[in-house]
1. Just the number please: accessible area per residue for the range 11-156, 1.4 Å probe, all protein chains included, in Å².
2. Expressed in nm to one decimal, what extension gain is obtained for the pair residue 93 and residue 131 from 0.36 nm per residue of sequence separation less their Cα-Cα distance?
3. Across 10 Å bins from 0, what is the distribution of all Cα-Cα pair distances for the range 114-171, in whole percents?
4. For residue 69, enumerate residues with amide H under 5 Å from its amide H, sequence gap 5+ or separate chain, H modeled in the peptide plane.
5. Kirkwood Rh over alpha-carbon pairs of the range 1-141, then Stokes-Einstein at 25 °C and 0.890 mPa s: what D in µm² s⁻¹, rounded to an integer?
6. Exactly which GluC sites (Glu not before Pro) in the range 105-162 are in a DSSP loop and have at most 11 other Cβ atoms within 10 Å?
7. Provide, in order from the shortest bin, the percent of all Cα-Cα pairs of the range 71-166 in each 10 Å bin, continuing until the bin that contains the maximum pair distance.
8. Share of the range 63-152's accessible area from carbon and sulfur, percent, 1.4 Å?
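The values are calculated or read from the model by the stated rules, or taken from the named source; none is laboratory data. From a predicted model like this one, the values you see are computed outputs, not experimental measurements. With ideal geometry, Cβ positions are generated from the backbone for all residues, glycine too; neighbour counts draw on all protein chains shown. Ligands, DNA and RNA are stripped out before the accessible areas are found, and what is left, the full protein with its side chains, is counted by its heavy atoms. Shrake-Rupley method; radii C 1.70, N 1.55, O 1.52, S 1.80 Å.
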Amino acid sequence: MELAIGITEVFEALRRISSGDTKVRLDETSKIDLINKLKHVVNKTAKEISESQEIMRFIQFTINHTADAAFWMRPDGRFIYVNKAACKSLGYSKSELLSMTIHDIDPLFSKDKWTLHWQEIRKRKSFTFESYHKTKVGKLFPVEITVNFVEFEGNEYNCAFARDITKRKQAQEKLQESEEKYRQLFVTETDAIFVFDAETLNII
């Protein structure tokens, strides 16, 4: 009788675990050693699944609250996950973005170009490049994108993180403008030009 009851408890616990209930815990004090071993395996399995789920929830929470926009997509470019930063930077709701593809937000990746890009992602696994994103109102802004090729249970995904680099580009443009001004000054100026070190007053 105790064997039958123990086996019933084990199968019921396994059923609950398969339904998503990882809080299952069985009493391992049966007089039958086999039942105790089975219950121990069930308890260990439930605990490991619970810990894995907790880790996954933490990872998802972290990604969802990162400053960089995060996009997970399939080989066809369709989004399956976007974080809050992605929605904020583009001006779309999460449900709107999940009904869209990379072609809708990145003008440099038409469907034809995306096929070649996906092949490169699959080959290189992870790399960083620059592109542009287009907001819901049509505004373009430069981004630095890091892509990561992932295979899971026979399916392929691209986990991409995009950073707005507008300020960096503006600083680069100002530096180039400044360099061009000095270059033009040295080219067109007929008088002698001396450049002094501010501290030593030596010519440099």
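1. Numbers: 9280 Å² over 146 residues.
Per residue, the range 11-156 has 64 Å² of solvent-accessible surface.
2. Length gained, residue 93 through residue 131: 11.5 nm.
3. 21, 43, 27, 8, 0
4. It is 162, 164, by chain and number.
5. Values: Rh = 19.0 Å.
Taking Rh from Cα pairs, D becomes 129 µm²/s.
6. Values: sites: 120, 130, 144, 151, 153, 156; in loops: 153.
Passing both the DSSP loop test and the Cβ count: 153.
7. 16, 55, 27, 2
8. Working: 2730 of 4970 Å².
Within the range 63-152, the accessible surface is 55 percent carbon and sulfur.
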